[in-house]
Amino acid sequence: MKLKTFLLSACSALMFAGMASAETLTIATVNNGDMIRMQKLTDAFKAKNPDIDLQWVTLEENVLRQKVTTDIATKGGQYDVLTIGTYEVPIWSKLGWLAPLDKLTADKTYDVDDLLPAIRSGLTTDGKLYAAPFYGESSMVMYRKDLFDKAGLKMPDAPTWTFIADAARKITDKSHEVYGICLRGKAGWGENMAFLTATANSFGARWFDEKWKPQFDQPEWKSTLDFYVKLMKDAGPPGASSNGFNENLSLFQTGKCGMWIDATVAASFVSDPKESKVADKVGFALAPDNGLGKRGNWLWAWNLAIPASSKKTEAAEKFIAWATGKDYTNLVAEKEGWLNAPPGTRSSLYANADYQKAAPFAKMTLDSINSADPTHPTVKPVPYVGVQFVAIPEFQGIGTAVGQQFSAALAGQITVDAALKAAQQLTTREMTKAGYPK
């Protein structure tokens with residue numbers, strides 16, 4: 001009896017010790033389709049790592065940025081794995097806020113050299129990788145081939161903004177809730193300003209001159225914003241100033257957009273018959289230009305990183321290696337089809353014949369990513385890097401404030417001239433306060 005009691009006690013103690021040793025990773029992520037899909041597939045990670053539990057905090061893009069930035073800046077320690085963008089990684093790594101992914105880069109099965117050079121370089125500081133890309137993207141035109149055929153139009157592989165605007169107006173049929181074009185209007189440095197900054201590059205505009213003087217009082221920005229507001233008034237959906245990526249995705253998938261210029265990662269969603277009513281009618285083209293040598297496409301990646309304050313770096317790095325590795329890509333292909341494999345991060349994906357066959361947008365995506373140049377983003381010279389953002393810590397606040405002005409102009413609450421004047425004033429004020437030029 002005593003032996004039985006002793007054995008039961010010992011077993012209970014071992015079970016308790018096993019339970020106590022299990023670590024829970026709190027993962028902050030964005031509420032887009034690829035990240036939600038990852039959450040659904042994490043049983044595969046749990047099967048190999050039963051000692052690691054996962055707790056998800058899934059947030060809208062602007063809210064995610066705000067909460068994650070506040071937490072890491074104050075060393076709050078709320079999250080063990082962060083979903084952050086290409087903008088944050090070089091800034092935060094230099095501030096010592098991120099842990100380098102040394103074990104991951106040393107792991108030959110992970111194959112860090114398979115990462116696309118354009119994407120990897122944006123996540124590397126002083127030769128160390130500080131975040132791993134879950135998916136990478138540029139931006140391109142997605143359009144309805146049936147509506148173009150009906151209107152007698154043919155989309156060029158490399159269209160101009162003049163063609164896009166003309167086509168958008170011709171295929172608009174507001175009486176049947178079909179709008180020629182859907183573009184981001186929701187305020188945010190990573191929402192409407194991502195699109196508008198990339199577009200402005202192709203119009204010859206820039207955020208700052210070489211001496212860090214704001215440039216919203218220059219004619220190139222006036223041309224950009226006038227073009228955008230007029231086009232959306234003529235051919236855009238109602239309430240466009242509230243629409244970001246997810247809202248426009250829904251409009252396109254339900255057949256209400258003739259064209260959508262946005263992230264290349266959306267191509268799999270609009271081409272998937274399970275999610276899109278127009279899946280068999282979608283064509284793709286490069287982002288437009290104005291003949292000035294720059295297209296209106298951006299470069300971005302959503303990445304997984306570990307805050308330097310985390311006490312669970314080993315478990316966090318295991319999860320990141322799984323979620324951004326080749327095996328995860330194969331898992332998605334097995335469960336969801338190659339069409340839904342996370343794009344824009346690995347050379348091996350674009351060399352895969354099965355992916356090429358399943359994803360008609362593969363070459364256009366890769367060409368778009370490779371054509372973006374963060375070190376030379378504009379027609380005129382600039383003192384900063386970043387295509388759709390300016391890679392300085394102050395940009396997050398300034399970009400969102402400017403985005404609010406431009407969103408108000410789109411909604412008709414203020415004029416384009418008033419929005420540009422306010423943008424010039426607030427940017428000048430904040431940059432002066434921050435001590436620029438430095």
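The values are calculated or read from the model by the stated rules, or taken from the named source; none is laboratory data. Since this is a predicted model, take the numbers as computed values, not measurements. Cβ coordinates were reconstructed from backbone atoms using ideal geometry, including for glycine residues, and neighbour counts include every protein chain displayed. Accessible surface areas use protein heavy atoms only, side chains included; no ligands, DNA or RNA. Shrake-Rupley method; radii C 1.70, N 1.55, O 1.52, S 1.80 Å.
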| remark: From the cross-link list Lys67/Lys363; Lys211/Lys421; Lys318/Lys363, the entries with a Cα-Cα span beyond 27 Å are Lys67/Lys363; Lys318/Lys363
| note | Most fluctuating of Ala263, Ala106, Ala240 in the GNM of the chain (C-alpha, under 10 Å) is Ala106
| field | Computed [θ] at 222 nm, helices only, for the chain once each DSSP H run of length n ≥ 4 contributes -39500 (n - 2.57) | value | -13000 deg cm²/dmol
| request: Select from Glu317, Glu247, Glu191 the residue whose mean-square fluctuation is largest in a Gaussian network model of the chain (Cα-Cα springs shorter than 10 Å). | output: Glu247
| task | Evaluate E = 1/(1 + (r/R0)^6) for Thr74 and Lys174, where r is the Cβ-Cβ distance and R0 equals 41 Å; express this FRET efficiency to the nearest 0.05. | result | 0.30
| task | Give the long-range amide H neighbours of Asp53: residues separated by 5 or more places, or on another chain, with amide H under 5 Å away, using H modelled in the peptide plane at 1.01 Å from N. | result | Glu23, Thr24, Leu25
| Given the convex hull of the Cα atoms of segment 213-253, what is a quarter of its surface area in nm²? | 3.9
| remark: Cα-based Debye curve of segment 17-107 sampled at q = 0.13, 0.19, 0.21 Å⁻¹ gives log₁₀ I(q)/I(0) of -0.53, -1.08, -1.23
| In the structure displayed, which of Lys230/Lys281; Lys380/Lys438; Lys48/Lys108 lie more than 24 Å apart, Cα to Cα? | Lys230/Lys281
| request: Go through 44-57, 226-239, 66-79 and give me the packing order, highest mean Cβ count within 10 Å leading. | output: 226-239, 66-79, 44-57
| said: Quick check on my link table: of Lys145/Lys357; Lys145/Lys174; Lys154/Lys274, which ones sit more than 22 Å apart, alpha carbon to alpha carbon? | reply: Lys154/Lys274
| query | Each residue of segment 136-147 in turn: what ³J(HN,Hα) in whole Hz from Karplus with 6.51, -1.76, 1.60 and θ = phi - 60°, glycine and Pro shown as x? | reply | x, 7, 10, 9, 7, 8, 10, 9, 8, 5, 5, 6
| said: Probe radius 1.4 Å, ligands and nucleic acids ignored: give me the carbon and sulfur share of the accessible area of the chain as a rounded percent. | reply: 54
| Within straight-line cross-link reach of Lys312, aspartates and glutamates at Cα separation under 14 Å, skipping those fewer than 8 residues along the same chain | Glu23, Asp51, Asp53, Asp80
| task | Could you tell me the convex hull volume per residue, in Å³, taken over the Cα atoms of segment 179-337? | result | 171
| FRET efficiency for Thr254 and Lys211, using Cβ-Cβ distance with R0 set to 41 Å, rounded to 0.05 | 0.30
| message | Leaving out ligands and nucleic acids, and using a 1.4 Å probe, what accessible area per residue does segment 157-269 come to in Å²? | response | 32
| query | How long are the three semi-axes of the equivalent ellipsoid for segment 139-248, computed from the Cα gyration tensor as the root of 5 times each eigenvalue, in whole Å, largest first? | reply | 27, 16, 12
| message | Rounding to the nearest 10 and keeping the result within 0 to 90°, find how far the Cα-based axis of helix 326-336 lies from the longest principal axis of the chain. | response | 70
| message | Compute the angle between helix 416-433 and the longest alpha-carbon principal axis of the chain, please, reported from 0 to 90 degrees and rounded to the nearest 10. | response | 50
| note | Residues whose modelled amide H sits under 5 Å from the amide H of Tyr179, counting only those 5 or more places away in sequence or on another chain, are Asp173, Cys257, Gly258
| Over segment 57-124, equivalent-ellipsoid semi-axes from the Cα gyration tensor in Å | 24, 13, 12
| Sequence-distant aspartates and glutamates (8 or more away, or on other chains) whose Cα lies within less than 19 Å of Lys256 | Asp146, Asp149, Asp166, Asp173, Glu177, Asp234, Glu247, Asp272, Glu275, Asp280
| field | Percent RCO, i.e. relative contact order, over segment 169-238, from Cα pairs under 8 Å lying at least 6 residues apart | value | 34
| task | Take the Cα atoms of segment 386-425, find their three principal axes, and give me the spread along each one in whole Å, biggest first. | result | 30, 18, 15
| message | Please compute the volume of the convex hull spanned by the alpha-carbon atoms of the chain and report it per residue in Å³. | response | 159
| query | segment 281-438: D in µm²/s via Stokes-Einstein (Kirkwood Rh, Cα pairs, 37 °C, 0.692 mPa s)? | reply | 169
| When ligands, DNA and RNA are left out and all protein chains stay put, how many square angstrom of accessible area per residue does segment 45-94 have with a 1.4 Å probe? | 45
| query | What shape does segment 88-132 have by the C-alpha gyration tensor, where a ≥ b ≥ c are the square roots of the eigenvalues, rounded means a/c under 1.5, and otherwise prolate means a/b greater than b/c and oblate the rest? | reply | oblate
| task | Quote the Stokes-Einstein diffusion coefficient, in whole µm² s⁻¹, for segment 361-422, based on the Kirkwood radius over alpha carbon pairs, a temperature of 4 °C and a viscosity of 1.567 mPa s. | result | 93
| request: If a/c stays under 1.5 just call it rounded; otherwise compare a/b with b/c (prolate if a/b is bigger, oblate if not). Do that for segment 267-336, with a ≥ b ≥ c from the square roots of the Cα gyration tensor eigenvalues. | output: oblate
